Structure formats: C-alpha cells, structure tokens
Amino acid sequence: MKLLFRIVAGAILVTPLMITGCKKNDEPQKPDTLAYVGSEVCQTCHQDKYDNFIKTGHPYKLNKVVDGKAPTYPYSTVPNPPTGYTWNDVTYVIGGYGWKARFIDNDGYIVTGDAVQYNLATQGWVAYHASDAPGTVKYNCGRCHTTGWKSVADGGQPQDGLPGMDGEFFAGGIQCESCHGMGNVHAFTQDKADITVNTDKTLCGSCHYRNENHTIDASGGFIKHHEQYDELIAAGHNVLDCVSCHSPHKTSIYNGSPGVEAQCTDCHTKTQKHNAAATCTDCHMPHISKSAVKTNEYMGDIATHIFKINTDTTAAQFSTDGKTANPYVTLAFACYGCHKDPDGVGGSGSVKTLSELNALAKGMHN
Ligand code: HEC
Ligand code: HEC
Ligand code: HEC
Ligand code: HEC
Ligand code: HEC
Ligand code: HEC
Ligand code: HEC
Ligand code: HEC
C-alpha cells in the first residue's frame, strides 16, 4: 500500500529524508509541531513490527483503488466490485480482509443496493442499505477505519474533494500512529519519550465497541460485530487488557492466529468432565456475533469475548426485545456449535436437550 505524505492541518511536512537525518545544505531540525509520517516511515527502523502489522486487518480497513485495480490483501481476495461498477467507478474498498467488503463510489458515497456487499465466507453478494438510493449514504465511518480522521462537523474537508466523504484523514486504515500517536518527532529523535505506548484496553475499546453505554447490542438473534470491548468488560475478564492475550501487531484470525499470544491454560489450570475433544474457546468463545454470515441460528462468524457460561437451562441469551445480549453465554450457544438441539439445529455432534447439557455443564471443571 502506498501512503501519501501530505500536510495535515497546521503541521509541517515530514519526509523520510529529514527523519533519517541525511545531510543536505541545512542540518535537519527537530520538528516543533506533531504530525503524522505514515507506517512506511516507522518501517525504516521497525521492520520486524511492520512485517507482522502489514498482515493484520488494521491497515486494510480502508483501501484506495489505484489505477482502476483491485486492492490486494495478504490472505483474502475481493474479486470484483458490485454489478454495474468497474474498478474505475470505485474510489475506496471498505474492509475485505476478514469478513466482508463494501465500496465507495466516485463521489465518495457508500454503494447501496440489493447485492453490493461482498461476503468472503460465501463469496457471495448481499444487500446493504437497499432502501437508500445510490449516492445518498455518506462515508462517516472514518474514526474507526482511518488514521487521523477529522469529520466535516469538526472542521475537516471532504477527503479527496469527494462530496460523500464526511471527513478527511491522513491515511486509510489503522496505521501505527492510530495507536502510537503522531510520530514525526520520535522518528527524528528516536527517543521513546517521544512516542506513546498505551496498553490499556480502552485504546482498543475506542473502536472495538458499539455504543457509549457499552451495552452489548444485538439484532437478528446475534450480537452485532465490533463489540469485543463491551463484551470483555461485562464479565470476569474485565480484569484483563486486550494485550493480556493479543499482540497488537499480529493477526488473530489467519495463519494460525499468531496474534493470540496468551493461551487460556497459561492462566487457568482446568480439568473437565466433558470427555470428547473440545477446546476452551469452543465452549467459552462461541461465534455468537455476526459480521457477515451465519451458519445456523447458533453460529455467526465472530467469537464472543464474554467467556462466562451460565448453565441455567432457563437463561436467555438476549433481552425479550432481542436488542441486547445478557453478560454470559447460554448453554445453547456454548454447546450447539457442536451438538444439535432437539429440532436438529446446530453442529454435527449428538442431539442434546438443555437439561442433558446442564447435567454435564454444572460444575464442568470440578
Ligand atoms: C529513525 C529510526 C526510527 C523511526 C523512523 C521510528 N522509530 Fe520508533 N524507535 C526507534 C528507536 C531507536 C527506539 C528505541 C528507543 C529507546 O529504547 O530509547 C524506538 C522505540 C519505539 C517504541 C517503543 C517505545 C517504548 O516506550 O518502549 C515505539 C512504540 C515506537 N518506536 C514506535 C514508532 C512508530 C509508531 C514510528 C513511526 C511513526 C517509529 N517508531 C519510527 C527508532 C525509530
Ligand atoms: C482506530 C480503530 C481501532 C483500534 C484503536 C484498534 N482496532 Fe482492532 N480493528 C479495527 C478495525 C476497523 C478492524 C477490522 C479490520 C479489517 O478487517 O479490515 C480491526 C480488526 C482487529 C482484529 C482482527 C483482524 C486481525 O488481523 O486479527 C483484531 C484481533 C484486533 N483488531 C485487535 C485489536 C487490539 C488488540 C487493539 C488494541 C491494541 C485494537 N484492535 C485497536 C479497529 C481498531
Ligand atoms: C492496534 C494498535 C497498534 C498498532 C496499529 C501498532 N501498535 Fe505498536 N504497540 C501497541 C501496543 C498496545 C503496544 C504495547 C504492547 C504490550 O506492551 O503488550 C505496542 C508496542 C510497540 C513497540 C514496543 C514494544 C514492543 O512490543 O516491542 C513498538 C516498537 C511498536 N509498538 C511499534 C509499532 C509500529 C512500528 C507499528 C506499525 C508498523 C505499530 N507499532 C502498530 C499498539 C499498536
Ligand atoms: C465504533 C467503531 C466503528 C465504526 C463507527 C464503524 N466500524 Fe466497521 N468495524 C469496526 C471494527 C472494530 C471492525 C472489525 C471487528 C469486528 O467486526 O468485530 C469493523 C469491521 C467492518 C467491516 C468488515 C471488515 C473486513 O475486513 O471484513 C466492514 C465492511 C465495516 N466494518 C464497515 C463499516 C461501515 C460501512 C461503517 C460506517 C457506516 C462502519 N463500519 C463503522 C469498527 C467500526
Ligand atoms: C492473562 C491471564 C488469563 C488468560 C490468558 C485467560 N484468563 Fe480467564 N481469567 C483470568 C482472570 C484473572 C480471571 C478472573 C479471576 C478468576 O476468576 O480467576 C479469569 C476468569 C475467567 C472465567 C470466569 C469469568 C466469569 O465472568 O466468571 C472464565 C470462564 C475464563 N476466565 C475462561 C478463560 C478462557 C476460555 C481463556 C482462553 C480463551 C482464558 N480464560 C484466558 C485470567 C486469564
Ligand atoms: C482472555 C484472552 C483474550 C482477551 C482478554 C481478548 N481476546 Fe480477543 N481473542 C482471543 C482469542 C482466543 C481469539 C480467537 C478466538 C477464536 O477464533 O476461536 C480472539 C479473537 C479476537 C478477534 C477476532 C474476531 C474473530 O472472532 O475472529 C478480535 C477482533 C479480538 N479478539 C479483539 C479483542 C479486543 C479488542 C480485546 C479487548 C477489548 C480482546 N480481543 C481481548 C482472546 C482474547
Ligand atoms: C467442539 C465440539 C463440542 C462442543 C463445543 C461441545 N461438545 Fe459435547 N461432545 C462433543 C463430541 C464430539 C462428543 C461425543 C460424540 C457426540 O456425543 O456427539 C460430545 C459428547 C457430549 C456428551 C455425552 C458424553 C459425555 O462426555 O458425557 C455430553 C453430555 C456433552 N457432550 C455435553 C456438552 C456440553 C454441556 C457442552 C457445552 C457446555 C458441550 N458438550 C460442548 C463435542 C462438543
Ligand atoms: C465442553 C465445554 C467446555 C470446555 C471445553 C471448557 N469449559 Fe470452562 N466451563 C464450561 C462450563 C459449562 C462452565 C460453567 C460451570 C459452572 O458454572 O458450574 C465453565 C466454567 C469455567 C470457568 C469458571 C468457573 C471455574 O470452574 O473456575 C473457567 C475459568 C473455565 N471454565 C476455563 C476453561 C478453560 C481454561 C478451558 C480449557 C482448558 C475450559 N474452560 C474448557 C464449559 C467448558
């Protein structure tokens, strides 16, 4: 991916030349205003971090279409834009790394219609805002998808002069400086005092959440996606940070998930009554959330971060109106990923009623 260096509001332009300290006529000066420099500048001194980071989803969150060519990804492919569009009619692709891709048209609006969202798992097209005419849904997602987002309401100019863009940004995707802050001064001084390292879960939680009250929002029988923070703080793992388990620089969904650095058994010693092979995450992190595709009514496509299992057979996963999830995993979601419910819905294992599940689940590890 090519990052463009450009002047951000009130800041000075930093070039790799200046920060690597090559001598020209004038000795390079320490910048006196903070500015973004881009991940490719960080790469010049932190190659190892960059090589892992560039395989995570973060930098692929918003991909510019250059020269009418499809953006490329380390593990996935978005083969073509929606029917009726060529790559020349698309300015940016939103996502396409982990679950799904949406598209931004030549005026900066998100493409809407019946078959305009590409789902990676099924390699199929589904609706997005089908009742909104094309050219009416603005791109206002930038605070979680770009580096250095400034919305029009906060005084930003529409990115690239496109009217559908509801703000401007330094770079598409979550770059090094999204998490570490503007890095021009550090890149010059190479001093760790000039760069931020924030290990608190509120950093990750500034994007991996859905609403300011941190309720666990749901719809259609699944928890909505990007609520990992809301889920984590709802139960006992609230004592942990995201980086207690994750490396922020490695992927947690591809290539054997090297980003999951701490295993459950690093902190817990557990024996279990369930004799058949099931991993800790099979029962404690079932796919109760959905981003793009569900397999059946118990299986979405994102692992929950609630962890706590409620063995009560009458416990409900969702509120009566279906709009929020309760802060635990019910037996149905914990077990029907493998077993089947009495109607035959679920995984490929044996049929089990809730009371049969409860009989084994209560005191599972005692
Ligand atoms: C010219 C080389 C150079 C460039 C460019 C550079 N760094 Fe560094 N960085 C260093 C050195 C050297 C250290 C170790 C400093 C120390 O230990 O005192 C470091 C340390 C760090 C640390 C660790 C800080 C800590 O508290 O332990 C972070 C985070 C970091 N850099 C991020 C970045 C980011 C983000 C960028 C791009 C905006 C970047 N660096 C660009 C040389 C560089
Ligand atoms: C500025 C917003 C933002 C911040 C801050 C952020 N994320 Fe993300 N994260 C995203 C978005 C958006 C995606 C989806 C990227 C994609 O799939 O294209 C994502 C994807 C991920 C993924 C799945 C993709 C992969 O490569 O494994 C993991 C795991 C993850 N983030 C963990 C973290 C952790 C841990 C932190 C804190 C250290 C964090 N994120 C901070 C926005 C953010
Ligand atoms: C999603 C947020 C996020 C992104 C993106 C990110 N970092 Fe980090 N980085 C962190 C966090 C959090 C830590 C502290 C990790 C810990 O202590 O467990 C860290 C630690 C570091 C460190 C020092 C400690 C170490 O692990 O060696 C360096 C150097 C660093 N990052 C450089 C980079 C560079 C360079 C990039 C881009 C190529 C980058 N980071 C992208 C969140 C991020
Ligand atoms: C509060 C932060 C936030 C906002 C606002 C947000 N997203 Fe996201 N989005 C995320 C995170 C985090 C992920 C990845 C983790 C997950 O899905 O659980 C994600 C994932 C995605 C993905 C899938 C990425 C992939 O590679 O599969 C798409 C597409 C997407 N978002 C589109 C949008 C659109 C369009 C908007 C605006 C209408 C939007 N998002 C607003 C945080 C956000
Ligand atoms: C870094 C250490 C650490 C790791 C890794 C870890 N846990 Fe925990 N876990 C804790 C702590 C601390 C608690 C809260 C205190 C306690 O109950 O011991 C906890 C509590 C729990 C609980 C009870 C939650 C509640 O709300 O009652 C469950 C279930 C659990 N962990 C499962 C897991 C699973 C499954 C994994 C792997 C995906 C895992 N843990 C990984 C440290 C860890
Ligand atoms: C106790 C350990 C633990 C903690 C704490 C933790 N995670 Fe995870 N996370 C995991 C594991 C394990 C997976 C892989 C689950 C699987 O696919 O089976 C994962 C997967 C993910 C994914 C990929 C989603 C998917 O289902 O493929 C994202 C995004 C993510 N974590 C974000 C976060 C964020 C953000 C935080 C902090 C709010 C966090 N995680 C805290 C263990 C943890
Ligand atoms: C990863 C898949 C998987 C998950 C998740 C899973 N099971 Fe199983 N379970 C199996 C398999 C495989 C068997 C043996 C063959 C069969 O019964 O289908 C089994 C057998 C059983 C049996 C009968 C044999 C025995 O060990 O007593 C019970 C009862 C049971 N599981 C309960 C549960 C409960 C309760 C949960 C959820 C808390 C659960 N299972 C989650 C795969 C799983
Ligand atoms: C077959 C499903 C299943 C598997 C596999 C499983 N658990 Fe559990 N776990 C449960 C159930 C059900 C409960 C709730 C027991 C209760 O409330 O009486 C539980 C409770 C817990 C608790 C909290 C209560 C306690 O006993 O401390 C922790 C921590 C925990 N599990 C960790 C783990 C770890 C770590 C692994 C992997 C080594 C694991 N579990 C594997 C089903 C499972």
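Could you tell me whether any residue of segment 125-139 is loosely packed, with under 14 Cβ neighbours inside 10 Å, in the same structural domain as residue 74 (by TED's automatic domain parsing) and within 12 Å of ligand 4 (Cβ to nearest atom)? Yes.
Within segment 206-215, is there a residue that is at pLDDT 95 or above, assigned to a loop (DSSP other than H, G, I, E, B) and within 30 Å of residue 28 (Cβ to Cβ)? Looking for residues that are at pLDDT 95 or above, assigned to a loop (DSSP other than H, G, I, E, B) and within 30 Å of residue 28 (Cβ to Cβ), one finds none in segment 206-215, hence no.
Taking first residues from segment 299-310 that are at positive phi and buried (at least 20 other Cβ atoms within 10 Å of the Cβ) and partners that are outside any strand (DSSP E or B) and at pLDDT 95 or above, the Cβ contacts under 8 Å between residues at least 6 apart in sequence or on separate chains come to 307/235; 307/236; 307/237; 307/284; 307/285. Within the set 66, 90, the sole residue that is under 26 Å from the mean Cα position of the chain (by Cα), modelled with pLDDT of 95 or more and closer than 30 Å to residue 300 by Cα turns out to be 90. Tell me whether segment 219-232 contains one or more residues that are assigned to a loop (DSSP other than H, G, I, E, B) and within 16 Å of ligand 8 (Cβ to nearest atom). Within segment 219-232, none of the residues are assigned to a loop (DSSP other than H, G, I, E, B) and within 16 Å of ligand 8 (Cβ to nearest atom).
Considering segment 209-230, the residues that are more than 16 Å from ligand 5 (Cβ to nearest atom) and of a type in the set (Ser, Thr, Tyr) include one that is nearest to residue 318 (Cα to Cα), namely 219.
The residues of segment 182-205 that are more than 21 Å from the chain's Cα centre (by Cα) and in a helix (DSSP H, G or I), listed by number, are 184, 185, 186, 187, 188, 189, 192, 193, 194. Quick check, is residue 292 touching a residue at least 12 places away in the same chain (Cβ under 8 Å) and either in a loop (DSSP other than H, G, I, E, B) or surrounded by 15 or more Cβ atoms within 10 Å (Cβ to Cβ) (or both)? Considered against the rule, which asks whether it is touching a residue at least 12 places away in the same chain (Cβ under 8 Å) and either in a loop (DSSP other than H, G, I, E, B) or surrounded by 15 or more Cβ atoms within 10 Å (Cβ to Cβ) (or both), residue 292 comes out as yes.
The values are calculated or read from the model by the stated rules, or taken from the named source; none is laboratory data. All values reported here derive from a predicted model rather than from experimental measurement. Don't worry about glycine lacking a Cβ; one is built from the backbone with ideal geometry, like all the others, and counts go over all protein chains shown.
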